[in-house]
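Below is one structure, written out as structure tokens; the observations come after it.
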Amino acid sequence: ATLLLSRCLLKMVKENIVVPEEILSFCCNGLQGSTSPPRAREPGEREEAPGAMASPSPARNPTEVQMSQLVLPCHTNHRGELSTGQLLKWIDTAACLSAERHAGCPCVTASMDDIYFEHTISVGQVVNIKAKVNRAFNSSMEVGIQVSYEDLCSGKHCSICKAYATFVAQGPSGSKVKLKPLTPQTEEEKIEHSIAAERRRMRLVHKDTLKDLLTRSPRETELETRDGSVAVPAEKTRVESVELVLPPHANHQGNTFGGQIMAWMENVATIAASRLCHAHPTLRTIEMFHFRGPSQVGDRLVLKAIVNNAFKNSMEVGVCAEAYGQEMSVSRRHINSAFMTFVVLDQEGRPRTLPMVAPEPGDGERRYREASARKKIRLDRKYVVSCKQTEVPLSVPWDQSNKVYLSYNNVSALKTLVAKANWALAREKEKVRMYTLEEDKFLSFRIEMSVRIAASRAFSLLSDLRRRHEWDSHYASAELVQQVDDDDMIYHVVSQTLSRENKPQDFVILASRRKPCSKGDPYVVAFRSVTLPTHPASADFTRGETLCSGFCIWPESEETSKVAYYNQATPGYLNYVTINVAGLSSNFCATFEACEKFLLKNKEDLIMRLQEL
């Protein structure tokens, strides 16, 4: 900065431009230290402590890392836009630094969730990256990364992408390190901390979801047909490239930097996509991927890419990275595989229609089918998981392929509601307390009380909707329609409440249960509406919907728990909520008191059965 300022002043002097005295004074004082006398304080003005800011700033997360990078020509592609590979390197660097701040030891990238790139970044703009640890598990932690760009001339800021990376802490000789727990402070941190457990659960079943979808899909490969389009053999898009891992490519442990591997993979994937469309493609999505093992300085990395499938406006490119040492006889080590989605934009920025791909027999047809399955899963995940809660329709169609993501959305929506900070006490009657939360489009309520029952027992009783009519007078019956797995069930519920059409209401509800992931977490039972082809709306009922509701149960002792019920009121339920909030009805309190009696009665029945045994 000093050099640049000096050059500007020198140029002004050479061109006989008068330099204003104020600028000269500012430059001299700024470069050599100000010698102007201190400003006299105004009457009543307090003296600030040395280094004090004009206004106190909130406590900063100790794991938070901020990185700002000016996009230079060396960072860009032929269009003058920031290379996605370079952006991935910056993202991985910031995330790794954040993870190591929490772990206090070296960390390596284990996986990266889906990344959706919303905009491109041009030369001269600034990339701002913020990374912080959302939650620490035993030896791994989730790091959340937010990327935006800043236009220095216009002052415009715009979001680029949001990513979640998993890092593993490593001790001497690569041994795993047990991590200390992370305590969230702000409302946003509490939400991310709570939902991180759900994202971890989703990662663990990602491969099983793909296998399950492929098992149920036809084995024959059906090639898409387009008018006037000739299929391009997939073999013509194949790319293979080798890279020698040098010290600048490695981290401080001597392992190849994860961001560098991602950048090399993006490079060969772009070449493969270009060979199909004979144009310059734009990367839109990187599929969730895992690093299978490390590579070190001196390794040779072989990178292979091929177009797996081309849809109408997008194509999937599969990339594989393998490593080997100096000895060619040693078998190659599989480092990573990734799947990247590209589009080709016209002059107006709209996606162009792409040529079809003719897969090779055998493995090529398998990759072709898997690409179609991944597209289905990716759309489900983006539609259900990535949307804001207000953008998700009340009843989402349920099927086997999106069950993981609907379950995730169900539980994460409830956890997000629980973590909100602005709950206000509306009513209190004996042991029952009712709170409300007013937001732009929703009025939510929470009812809670302490019950002398173990949290695990209360969790078991309240998660079975077939028994809810025993304590909730609004429920007439609940039929278990489908046992999805041990944690998710779908019920058809018939309500006692009559609609405006003077007909009883019915619901198709997904119930998702979660036990605590770590100490301090509650037992969770989340409910949301779904649609099932086997249970369409009937003329005998008015189909009702629930967006977000459920129970959270916190253990207070071995024999006592705090039970809280949450509901994000939909318009059809709003009048009933406001009557209770205003004190014109005590129906809520009466229902919750009946819930307490139900829990205590079943606790006593259990004790008696155990005594008999």
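The values are calculated or read from the model by the stated rules, or taken from the named source; none is laboratory data. Please read these numbers as outputs of a predicted model, since none were measured by experiment. Glycine also receives a Cβ, built like all others from the backbone with ideal geometry; neighbour counts cover every protein chain displayed. SASA here: full protein model, heavy atoms, side chains in, ligands and nucleic acids out. Shrake-Rupley method; radii C 1.70, N 1.55, O 1.52, S 1.80 Å.
Going by accessible area, probe 1.4 Å, with all protein chains left in place, what is the ranking of 76, 63, largest first?
76, 63
Pairs 519/601; 89/190; 420/562; 176/304; 519/603: which are spaced more than 21 Å apart, C-alpha to C-alpha?
Going by Cα-Cα distance, 519/601; 89/190; 176/304; 519/603 fall outside the 21 Å limit.
How much accessible surface does residue 90 have with a 1.4 Å probe, in Å² rounded to 10?
Rounded to the nearest 10, that gives 20 Å².
Which of the trypsin sites (Lys or Arg not before Pro) across the range 458-545 are loop residues per DSSP, with 15 or fewer other Cβ within 10 Å? Before the final figure, lay out the partial values.
Working: sites: 466, 467, 468, 500, 513, 514, 519, 528, 543; in loops: 500, 519.
Taking the range 458-545 and a limit of 15 other Cβ atoms within 10 Å, the loop trypsin sites (Lys or Arg not before Pro) found are 500, 519.
Enumerate the whole-percent occupancy of each 10 Å bin, from 0 to the last occupied one, for all C-alpha pair distances of the range 391-612.
The percentages, shortest bin first, are 8, 33, 39, 18, 3, 0.
Taking loop as defined by DSSP and a crowding limit of 13 other beta carbons within 10 Å, which GluC sites (Glu not before Pro) in the range 454-506 fit?
Loop-located and lightly packed - 501.
Using the Cβ atoms and a cut-off under 9 Å, what net charge is assigned to the surroundings of residue 554, where Lys and Arg are +1 and Asp and Glu are -1?
Its environment carries a net charge of -1.
For the range 391-612, with every protein chain kept in place, what is the accessible area per residue (1.4 Å probe, Å²)?
Dividing the accessible area of the range 391-612 by its residue count gives 46 Å².
Which FRET efficiency, nearest 0.05, do residue 183 and residue 452 yield, Cβ-Cβ r, R0 41 Å?
0.90
Along the Cα-to-C-beta direction of residue 518, a point sits 7 Å from the Cα; which residues of the range 135-175 have their amide N less than 16 Å from that point?
135-144, 165-170
Would you tell me the accessible area of residue 346, worked out with a 1.4 angstrom probe on the heavy atoms of the protein chains, in Å² to the nearest 10?
50
Figure the gain on full extension for residue 460 and residue 297 (residue separation times 0.36 nm, minus the Cα-Cα span) and round it to one decimal in nm.
Result: 53.4 nm gained on full extension.
How would 102, 78, 249 rank on accessible area, largest to smallest, probe 1.4 Å? Don't jump to the answer; show the numbers that get you there.
Numbers: 102 10, 78 115, 249 40 Å².
Solvent-accessible surface, decreasing: 78, 249, 102.
Please list, by residue number, everything in the range 188-217 whose backbone N is under 19 Å from a paramagnetic label point 7 Å out along Cα→Cβ of residue 487.
191-213
What is the magnitude of the charge dipole of the range 391-612 about its Cα centre, with +1 placed on the Cβ of each Lys and Arg, -1 on the Cβ of each Asp and Glu, and no other charges, expressed in debye to the nearest 20?
Here the size comes out at about 320 debye.
Which length gain, in nm to one decimal place, applies between residue 126 and residue 534 when the Cα-Cα distance is subtracted from 0.36 nm times their residue separation?
Residue separation times 0.36 nm, minus the Cα-Cα distance, leaves 141.6 nm.
Could you please put 140, 407, 477 in sequence from largest to smallest accessible area, using a 1.4 Å probe?
477, 140, 407
Between residue 477 and residue 560, what is the label-to-label distance in nm when each label sits 7 Å out along the Cα-to-Cβ direction?
Between residue 477 and residue 560, the simple spin-label model gives 4.1 nm.
Would you kindly state how much longer the chain becomes between residue 241 and residue 430 on full extension, computed as 0.36 nm times their sequence separation minus their alpha carbon distance, in nm to one decimal? Intermediate values should be presented prior to the final figure.
On the way: separation 189, 0.36 × 189 = 68.04 nm, distance 7.21 nm.
Extra length available between residue 241 and residue 430 comes to 60.8 nm.
Go ahead and run the numbers for FRET between residue 503 and residue 274, Cβ-Cβ distance against an R0 of 45 Å, rounding to 0.05. Could you put the intermediate results ahead of the total?
Values: r = 60 Å, r/R0 = 1.32.
Efficiency, from the Cβ-Cβ distance: 0.15.
Count the net charge of all other residues whose Cβ sits under 15 Å from the Cβ of residue 424, scoring Lys and Arg as +1 and Asp and Glu as -1.
Numbers: positive: 420, 427, 433, 446; negative: 187, 428, 438, 439, 448.
Neighbour charge sum, excluding residue 424 itself: -1.
Of the accessible area of the range 72-215, with the probe set at 1.4 angstrom, what percent is carbon plus sulfur?
53
With only alpha-carbon atoms in the gyration tensor, what are the semi-axes of the equivalent ellipsoid for the range 118-190, in Å, largest first?
The three semi-axes for the range 118-190 are 32, 15, 9 Å.
Net charge near residue 595, counting Lys/Arg +1 and Asp/Glu -1 over other residues with Cβ under 12 Å of its Cβ?
Overall, the nearby charge balance is 0.
Please work out the FRET efficiency for the pair residue 496 and residue 597, using the Cβ-Cβ distance as r and a Förster radius of 25 Å; give the result to the nearest 0.05. List each step's numbers first, then the result.
Values: r = 19 Å, r/R0 = 0.75.
Result of the calculation: an efficiency of 0.85.
Compute the separation of the alpha-carbon centres of the range 543-566 and the range 254-277 and state it in Å as a whole number.
After rounding, the separation between the Cα centres reads 47 Å.
Give me the percent of the accessible area of the range 391-612 that comes from carbon and sulfur atoms, probe 1.4 Å, all protein chains in place.
Answer for the range 391-612 is 49 percent, counting heavy atoms of protein chains only.
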